[in-house]
Amino acid sequence: MPLRVIGGSHRGRTLKGPPRGVRPTADRVREALFEILAAHGASLDRVLDLYSGTGALGIEALSRGAGHCDFVEADAKACELIRENLARTSLGGKAKVWHLSVSRALPRLSGTYTLVVADPPYEYDRAEQELTELIEGGLLDPNGMLAVEHSKRRPWPERLAGRERLLSRRYGDSSLTVYR
C-alpha cells in the first residue's frame, strides 16, 4: 500500500516510500494521532518531527495547517527522501531538514515548538533520554504537546520531564503516547 497524506490541504497525495530498514508510521496510526491532537486542541504553529524517516508525520502536520516544520533525521538517504516528499507536496517552503542525529540536533535547534512528533526506531534505547533533554532544554512550548510512536512492548512513563501523559493508545504492534 502506498504511503500517502491522510488529511488537510494535501490529502491523498502519495509520498515516496521508505528505504529498507525504515518503518513509516502507518496511515491509520497517523490518522488517529492527528484526530487525538485536534480533539485536545494541539497547536500546529511550529512542529518538530524527530527521527523523521520518510517525513510523513511532519508532512501530515504541514498539510493540516502547520506554519513550519523542522525534520531531524540522521540517515542521509532518508533526508533525501524527506526532501523529495516535501517537493512532491510543494511544502518545502515551510520546512527545514536537519541531517543530524537527535542528540546533535537538540543544541542547534532554537525557539519553541508547539508540537513535537517522534517516531524513534523501536530498538533505539536513547529516545526517552533525548526527549527529556528536549523538554528540559525549553524546546517544547509550555503549552505544547509531545507525541511518541513506540513499540507496544516498551511502555513510556506517566511523566516525562514534568510533562503529564495525556493518553496512550495501542494500534497493532505500535503505541502512541501523548504528553502535555
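Whenever a residue of the stretch 161-174 is over 17 Å from D119 (Cα atoms), it has no partner that is of a type in the set (D, E, K, R) and at pLDDT below 95 lying with C-beta atoms less than 7 angstrom away and at least six residues away or across chains.
Pairing each residue of the stretch 45-71 that is without any contact (Cβ under 8 Å) to a residue 40 or more places away in the chain with any residue that is part of a helix (DSSP H, G or I) and of a type in the set (A, V, I, L, M), provided the two are 6+ apart or on different chains, yields C-beta distances under 7 Å for C69/A61; C69/L62; F71/I82.
Restricting to the stretch 94-118, count the residues that are over 14 Å from V47 (Cα atoms) and among the charged types (D, E, K, R). So the answer is 2.
How many of the residues in the stretch 119-159 are closer than 22 Å to W98 by Cβ and touching an Asp or Glu at 6+ places or on another chain (Cβ under 7 Å)? Qualifying residue count for the region: 2.
Taken over the stretch 91-146, the criterion of being farther than 22 Å from V178 by Cα, touching a helix residue (DSSP H, G or I) at 6+ places or on another chain (Cβ under 8 Å) and small (G, A, S) is satisfied by G92, A95.
A count restricted to the stretch 83-101 and to residues that are closer than 20 Å to G7 by Cβ and among the β-branched types (V, I, T) stands at 1. When we screen L37, L48 for residues that are assigned to a helix (DSSP H, G or I) and either within 24 Å of E130 (Cα to Cα) or modelled with pLDDT under 95 (or both), the only hit is L37.
Taking the criterion of being over 26 Å from I135 (Cα atoms) and touching a strand residue (DSSP E or B) at 6+ places or on another chain (Cβ under 7 Å), the residues of the stretch 77-106 that qualify are R83, N85, L86, R88.
Can you report the number of residues in the stretch 16-33 which are within 16 Å of the chain's Cα centre (by Cα) and either more than 17 Å from D49 (Cβ to Cβ) or at pLDDT 90 or above (or both)? Selection size over the stretch 16-33: 6.
The values are calculated or read from the model by the stated rules, or taken from the named source; none is laboratory data. Everything numeric here is computed off the predicted structure, so don't read it as measured data. Cβ sites come from the backbone with ideal geometry, for glycine too, and all protein chains shown count toward neighbours.
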